[in-house]
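The values are calculated or read from the model by the stated rules, or taken from the named source; none is laboratory data. This is a predicted model, so every value here is computed, not measured. Methodologically, a virtual Cβ is constructed for each residue, glycine included, from the backbone with ideal geometry; neighbour enumeration extends over all protein chains shown. Please note that ligands, DNA and RNA were not included when accessible areas were found on the heavy atoms of the full protein model with its side chains. Shrake-Rupley method; radii C 1.70, N 1.55, O 1.52, S 1.80 Å.
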Amino acid sequence: MDYSLLWLDWKRKSSLPAYTKRIVGMPATRQGKAALRELLNGLKAMGADSELCSGSDGCPSIRLNECPGGGEKAELHRSGEGLALIGSGRGLIYGVFYLLRHLALGEDYPEWESSPAYPIRMLDHWDNADGSIERGYSGRSFFFRSGRPVCTARTRDYARLLASCGLNGCCINNVNVHGSALKLLTGSYKRELKRIAVCLEEYGVALWLSVSFSAPMELGGLATADPLDPEVRQWWQDTSRQLFSAIPNLAGFLVKADSEGRPGPHSYGRSHAEGANMLAEAVSPFGGKILWRCFVYNCTQDWRDTETDRAKAQRDAFAPLDGQFRENVFLQIKNGPVDFQIREPVSPLLGELEHTSSILEFQIAQEYTGQQKHVCYLLPMFREVLDQQMGRRADRDLVAERISAVCAVSNTGDDPNWTGHDLAAANLFGFGLLSWDPSAEPEAIAREWSILTFGGDPEVTDTVTDILLRSRSVYEKYTVPLGIGWMCVPGTHYGPSPEGYEYDRWGTYHRATHREIGVERGPGGTGFTEQYSPALAGMYASKETCPEELLLFFHRLPFDYRMKDGRTLLQRIYDDHFEGVEEARAMSDAWDRLEDRLDPAVFARVRARFREQLRSAAEWRDVVNSWLYRLTLIPDEKGRKLYL
Ligand code: GCV
């Protein structure tokens, strides 16, 4: 095998509870059998001498009780000296992985009765048919090779990894559908897609496909893709019927329409609701769902236009359509109003929909957060989003309670360690756990992931957990603190370029002059704050009550603005950059001290990534600070060097 099994590489335990010796129960379904196999293999790897028995004969045992149906609930109960694991085939899979994880953590008798918070918990791959991955930082696609989908042993291990942390779906191709990926809808690749779907299905992972809105023209030879055109509707219905009947376990389509140049209903004067509903109608007879992305904004903005505010675009486009979507449509909403920056407020659209299902989209691919060369543990950010009270309802008002599903842009590729940076796998694992239970604690997740991945050496666990928990704020400090965002190199989005996007068309401006920086988004500015409930709008609109870490997202401020601790805004930005680099160095040093406690190959890989992180962090510090110095001619109060 040329890849690792990440946290599923169970480590040998010096002792295990007596009940691990006997396994009782013979699940009937394919998923139940997979659960049993995982249990036996997992226990064996941990050193248990388990046997499969027809009865417990009064001895402690693990009993698997498979219930009919396909629900996801899992129950784990004490039963005498042993354990009973109860669930459908899928439930047993989640229960077995939960049990194995807890045995690996050295925790005996985990009582557990759990259902996932959301019925859809998935990863979105931005994999292209040629094997490249848009915003991929860990090798090439393991779903596509030379223009065709492929199913390999890795597909199965991927399904195991997903199920083991509670995930139940993946969309295997890029939302920007081009090249031979277009043909995934036709008969050309049905055999391969079926193999992938069947493979994923064994672990309860559904297959999703991204589709192009203009497929009826690109593939069907029609003159239009107008969603109200009878021939177009028929084309989608026929295509969906053929696809769903050929591919079991196909859950539906993901669509990026009228976004960043992708085709969509607007070209025909139709609304997003008309576009999405037409597709929803086509997949509805097969239980299919449509995930319709809300990442819609003007990407050809003139930078001199100060009226248009990209942050406002999604709420403006979709809130008026609330209630117009069919019930099998989910609006897919990125966590922030702009685009996966290290710090953004929560998307106001998440507080708007009362009659439409939504799926919250995170990005664990670290496009703007260090591209898996920098360590950046994203779970604290995800929890902040899920825990945000939107101020729109008396109850069930948290984002976690308002959404109906969750997804994340995947950070995996065919690198032997799956995620490029070994520590980035914590984001994959953690996103899974959080999608099952949005109240899961980032610190507990980090600790668990570290133990499962590196073994139980407390020094390693404490150090790795500490690095992970500090990493987001460290990254934020040396890159774009205070919510300013977008100072990265255009196109690649790696490394600093403070004015890289300033005079471009993407609507992401900070408009810095020698006196001030930031976009005013309060009522006296673009009015973006008004998109929130009165409580949030008021908080963000005032400089005094706006959370400091978002100050420059919401406000345009002079460089001599006094922060709460008395420093000027400029000095705070200088300081953050210096501190961020020092804190990155401290994380790297802490890793170095683990040298004798880790597998040498893993240690060396992560050390090399830390070297690059330190180089890049220093570059960010020097480029941003010297740019600010040249603009303002105000030196650092502490007399540090501010120019390259
Ligand atoms: C898949 C950002 C990324 C694009 C991505 C887009 C999206 O703009 O840079 O690569 O396209 O988001 O989410 O659709």
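What the table below lists for this structure:
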read-out: Exclusive hit being basic (Lys, Arg) and closer than 26 Å to Met390 by Cα, set Arg472, Arg511; value: Arg472
read-out: Any pair with Cβ under 6 angstrom, 6 or more apart, that starts in the stretch 354-376 at a residue that is in contact (Cβ under 8 Å) with a residue 60 or more places away in the chain and farther than 15 Å from Gln332 by Cα and ends at one that is open to solvent by 10 Å² or more (accessible area, probe 1.4 Å) and away from the ligand (no atom under 16 Å from the Cβ); value: Gly370/Tyr475; Lys373/Arg609; Lys373/Glu612; His374/Tyr475; Cys376/Arg472; Cys376/Tyr475
read-out: Residue ID - farthest from the ligand (Cβ to nearest atom), chosen from residues in the stretch 335-357 that are crowded, with 22+ Cβ neighbours inside 10 Å and of a type in the set (D, E, K, R); value: Glu352
read-out: Considering residues of the stretch 392-406 that are open to solvent by 40 Å² or more (accessible area, probe 1.4 Å) and either closer than 19 Å to Ala537 by Cβ or among the aliphatic types (A, V, I, L, M) (or both) only, the residue farthest from the chain's Cα centre (by Cα); value: Ala394
read-out: Residue check, Val296 away from the ligand (no atom under 13 Å from the Cβ) and either touching a Ser or Thr at 6+ places or on another chain (Cβ under 6 Å) or touching a residue at least 12 places away in the same chain (Cβ under 8 Å) (or both); value: no
read-out: Tally of residues being touching a residue at least 24 places away in the same chain (Cβ under 8 Å), more than 20 Å from Tyr475 (Cα to Cα), out of contact with any helix residue (DSSP H, G or I) (no Cβ under 8 Å at 6 or more places or on another chain) and surrounded by fewer than 17 Cβ atoms within 10 Å (Cβ to Cβ) across the stretch 615-637; value: 1
read-out: Residue list for the stretch 107-132, restricted to those being free of Cβ contacts under 8 Å to residues at least 60 places away in the same chain, open to solvent by 10 Å² or more (accessible area, probe 1.4 Å) and away from the ligand (no atom under 14 Å from the Cβ); value: Glu107, Pro110, Glu111, Trp112, Glu113, Ser115, Asp130
read-out: Pick from the stretch 561-607, criterion of a type in the set (Lys, Arg), open to solvent by 70 Å² or more (accessible area, probe 1.4 Å) and not in a helix (DSSP H, G or I), ranking: nearest to Cys376 (Cα to Cα); value: Arg593
read-out: Residue match in the stretch 66-78 (condition: within 24 Å of Asp157 (Cα to Cα) and in contact with a Pro (Cβ under 6 Å, 6 or more places away or on another chain)); value: yes
read-out: Residue check for Ser245: of a type in the set (Ser, Thr, Tyr) and open to solvent by less than 10 Å² (accessible area, probe 1.4 Å); value: no
read-out: Qualifying residues in the stretch 470-523 (those that are over 25 Å from Val375 (Cβ atoms) and among the hydrophobic types (A, V, I, L, M, F, W, C)) - the one least open to solvent (accessible area, probe 1.4 Å); value: Ile517
read-out: The lone exception for Glu459 - which of (1) surrounded by fewer than 21 Cβ atoms within 10 Å (Cβ to Cβ); (2) assigned to a loop (DSSP other than H, G, I, E, B) it fails; value: (2)
read-out: Sole exception among (1) within 16 Å of the ligand (Cβ to nearest atom); (2) in contact with a His (Cβ under 8 Å, 6 or more places away or on another chain) for Val406, by number; value: (2)
read-out: Looking only at the stretch 471-524, and only at residues there that are basic (Lys, Arg) and outside any loop (DSSP other than H, G, I, E, B), the one that is nearest to Ala617 (Cα to Cα); value: Lys477
read-out: Which listed residue, of Arg135, Arg148, Arg156, is out of contact with any helix residue (DSSP H, G or I) (no Cβ under 9 Å at 6 or more places or on another chain), in contact (Cβ under 8 Å) with a residue 12 or more places away in the chain and surrounded by fewer than 21 Cβ atoms within 10 Å (Cβ to Cβ); value: Arg135
read-out: The stretch 217-230 residues that are free of Cβ contacts under 8 Å to residues at least 40 places away in the same chain, paired with ones that are open to solvent by 50 Å² or more (accessible area, probe 1.4 Å) (beta carbon under 6 Å, 6 or more apart); value: Leu222/Glu231
read-out: Close pairs (8 angstrom Cβ cut-off, 6 or more residues apart or separate chains): more than 16 Å from the ligand (Cβ to nearest atom) in the stretch 239-260, of a type in the set (S, T, N, Q) and open to solvent by 30 Å² or more (accessible area, probe 1.4 Å) anywhere; value: Thr239/Thr186
read-out: Residues of the stretch 159-193 that turn out to be under 23 Å from Trp236 (Cα atoms), in contact with a strand residue (DSSP E or B) (Cβ under 9 Å, 6 or more places away or on another chain) and not acidic (Asp, Glu), as a count; value: 17
read-out: Residue within the stretch 164-187 that is in a loop (DSSP other than H, G, I, E, B) and free of Cβ contacts under 8 Å to residues at least 12 places away in the same chain present; value: no
read-out: Residues that are within 14 Å of the ligand (Cβ to nearest atom) and not small (Gly, Ala, Ser), drawn from the stretch 358-372; value: Ile359, Leu360, Glu361, Phe362, Gln363, Ile364, Gln366, Glu367, Tyr368, Thr369, Gln371
read-out: When residues of the stretch 549-560 are limited to those that are more than 16 Å from Gln341 (Cα to Cα), in contact (Cβ under 8 Å) with a residue 40 or more places away in the chain and within 33 Å of the chain's Cα centre (by Cα), the one most open to solvent (accessible area, probe 1.4 Å); value: Arg556
